[in-house]
Amino acid sequence: MKKKVLFYYLSAFSQTGGIEKFNRCFIKALDEIDPSSFDCSILSAYDHKKDSRYNQTVPFKGFNKKRWQSVLSVIKQSYKTDVLVLGHINLAIAGAVVKLLNPKCKVVMITHGIEVWKKLVFIKRWILRKSDVILSVSNYTKNQLVLRNKIDPKKIKIFPNTLDPQFKIPEVFEKPGYLLERYGLKKNTKVILTLSRLSSSEQEKGYDRVIAALPQIIKEVPDAVYVLAGKYDETEKKRITQLAALHHVSDKIILTGFVIDAEVSDHYLLADVFIMPSRKEGFGIVFLEAIACGAAVVGGNQDGTVDALKNGAFGSLINPGSISEISSTLIDILQSNEGKERKTNLQHQVIEQYHFSRYKERLLNSLSTYAN
């Protein structure tokens, strides 16, 4: 008999970010699961429509930010559901009501990063403890769940992110001419890249510390520039501009604004090195995307980045708070002229470990285990 699976999540298509990337891939994996084994359906609290690139067959309903209506729908549908997968801890109330009213329904909770790296309120701790399994995107997040919320580590399974099947992986590592022209760069310009949402409410990505390190970097690598890519709010743009002026590097920083999906891979190709010395990264799929496009990568050693970079095997792990470590590491990389063979080898390793087909296998194994 087919098992019924309901995936309830916040957003995948109406917002951008790491969790949204995860949700898109999760939906795509559900869409490609053998329908003879599982009968899947999807509900979103925030999205109002689906994207056919990720979901062609699975029934979908989006509540367009009508949270309470979505919660009531999940509770109602749970009576015909074998496994309820919750995409975020902020959906705890729906999971708690389902567990109380319909204890036969298995609950799977997905945990990403900072949302569970603190002592949680009662209802969130309760649903974590009552969940049949918790999927954690990284060992770091798993350890924080155990430390901060006293969750049984045996209940937590590692379920890392994946390279989006829509992500364009290049066959040749060559800087795109149209981006060189757009940003006024030469082919031999040394490009440092950060690609992230630039938000005044989220200032732990570490690009401010890269800006502080630029004066020392430019002394050793005079033609280096820092391309800071991603959508920004006006408050954060002002702060970045002020930081650049303070460190006398305004002419060395390029703010691109929002980068459309079709140009993401090309921005990675533009980079000699990708850096995001974050302190609050649940996993960091951007590092894997950068490696897949031939860029050297630098990340912080105090969060889920350690998992993404395989404890330093895929890139450099540094103290994200150390300006001197940021500058010395970037200088070493920019002066090293990393060869094509190493770039290709790393690309193949990242694709092998984080390919979407592997992600689908992990999901199928998880559902097969917890649907019984």
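The values are calculated or read from the model by the stated rules, or taken from the named source; none is laboratory data. As the structure is a prediction and not an experimental result, all values here were calculated from the model. Note: ideal-geometry Cβ built from the backbone for every residue, glycine included; neighbour counts use all protein chains shown.
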By residue number, the members of region 271-284 that are touching a Cys at 6+ places or on another chain (Cβ under 9 Å) and outside any loop (DSSP other than H, G, I, E, B) are PHE274
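For region 1-39, which residues satisfy the criterion of being basic (Lys, Arg) and crowded, with 19+ Cβ neighbours inside 10 Å? Spell out how you get there, then give the answer.
Here is the first cut: in region 1-39, the residues basic (Lys, Arg) are 2-4, 21, 24, 28.
The answer is LYS21, ARG24, LYS28.
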Look through region 67-111, keep the residues that are of a type outside the set (Val, Ile, Thr) and within 22 Å of the chain's Cα centre (by Cα), and return whichever of them is surrounded by the fewest Cβ atoms within 10 Å (Cβ to Cβ). ASN90
Starting from region 5-22, keep only residues that are over 21 Å from ILE114 (Cβ atoms), then list their pairs with residues that are of a type in the set (Gly, Ala, Ser) and part of a strand (DSSP E or B) whose Cβ atoms are within a distance under 6 Å, requiring at least 6 positions of separation or different chains. LEU6/SER41
Residue under question is GLY312, and the condition is that it be under 24 Å from THR344 (Cα atoms), surrounded by fewer than 22 Cβ atoms within 10 Å (Cβ to Cβ) and not β-branched (Val, Ile, Thr); does it hold? yes
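With respect to ILE89, is the statement that it is touching a residue at least 40 places away in the same chain (Cβ under 8 Å), assigned by TED's automatic domain parsing to the domain that holds SER136, closer than 20 Å to SER366 by Cα and not polar (S, T, N, Q) true?
Values: touching a residue at least 40 places away in the same chain (Cβ under 8 Å): no; assigned by TED's automatic domain parsing to the domain that holds SER136: yes; closer than 20 Å to SER366 by Cα: yes; not polar (S, T, N, Q): yes.
Spelling it out, it is not the case that ILE89 is touching a residue at least 40 places away in the same chain (Cβ under 8 Å), assigned by TED's automatic domain parsing to the domain that holds SER136, closer than 20 Å to SER366 by Cα and not polar (S, T, N, Q).
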Taking region 248-258, which residues are in a loop (DSSP other than H, G, I, E, B) and surrounded by fewer than 16 Cβ atoms within 10 Å (Cβ to Cβ)? HIS248, PHE258
Exactly one condition in (1) surrounded by 23 or more Cβ atoms within 10 Å (Cβ to Cβ); (2) among the polar types (S, T, N, Q); (3) within 25 Å of the chain's Cα centre (by Cα) is false for ASN64; which is it? (1)
For region 345-367, which positions are polar (S, T, N, Q) and touching a residue at least 12 places away in the same chain (Cβ under 8 Å)? GLN347, GLN349, GLN353, SER366
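Okay, residues lined up against (1) assigned to a strand (DSSP E or B); (2) not polar (S, T, N, Q):
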site	(1), (2)
SER52	no, no
THR57	no, no
TRP68	no, yes
ALA96	no, yes
LYS99	no, yes
ILE110	yes, yes
LYS124	no, yes
ILE127	no, yes
LEU135	yes, yes
Filtering region 274-289 down to residues that are in contact with a helix residue (DSSP H, G or I) (Cβ under 7 Å, 6 or more places away or on another chain) and either among the basic types (Lys, Arg) or under 17 Å from THR329 (Cα atoms) (or both) yields PHE274, ILE275, MET276, PRO277, SER278, LYS280, PHE287
Give me the pairs, please: first residue somewhere in region 171-188 and in a loop (DSSP other than H, G, I, E, B), second residue anywhere and basic (Lys, Arg) and loosely packed, with under 10 Cβ neighbours inside 10 Å, beta-carbon distance under 7 Å, and either six or more positions apart or on two chains. LYS175/LYS187
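Suppose we keep only residues that are among the small types (Gly, Ala, Ser) and at pLDDT below 95 within region 197-216. Which one would you say is surrounded by the fewest Cβ atoms within 10 Å (Cβ to Cβ)? Lay out the reasoning, then the answer.
Of region 197-216, the ones among the small types (Gly, Ala, Ser) are 199-201, 206, 212-213.
Checking which are at pLDDT below 95 leaves us with 199-201.
On the way: SER199: 15, SER200: 14, SER201: 8.
Here the answer is SER201.
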Kindly indicate the residue of region 189-219 that is part of a helix (DSSP H, G or I) and under 24 Å from SER265 (Cα atoms) and also nearest to the chain's Cα centre (by Cα) among those meeting that condition. TYR207
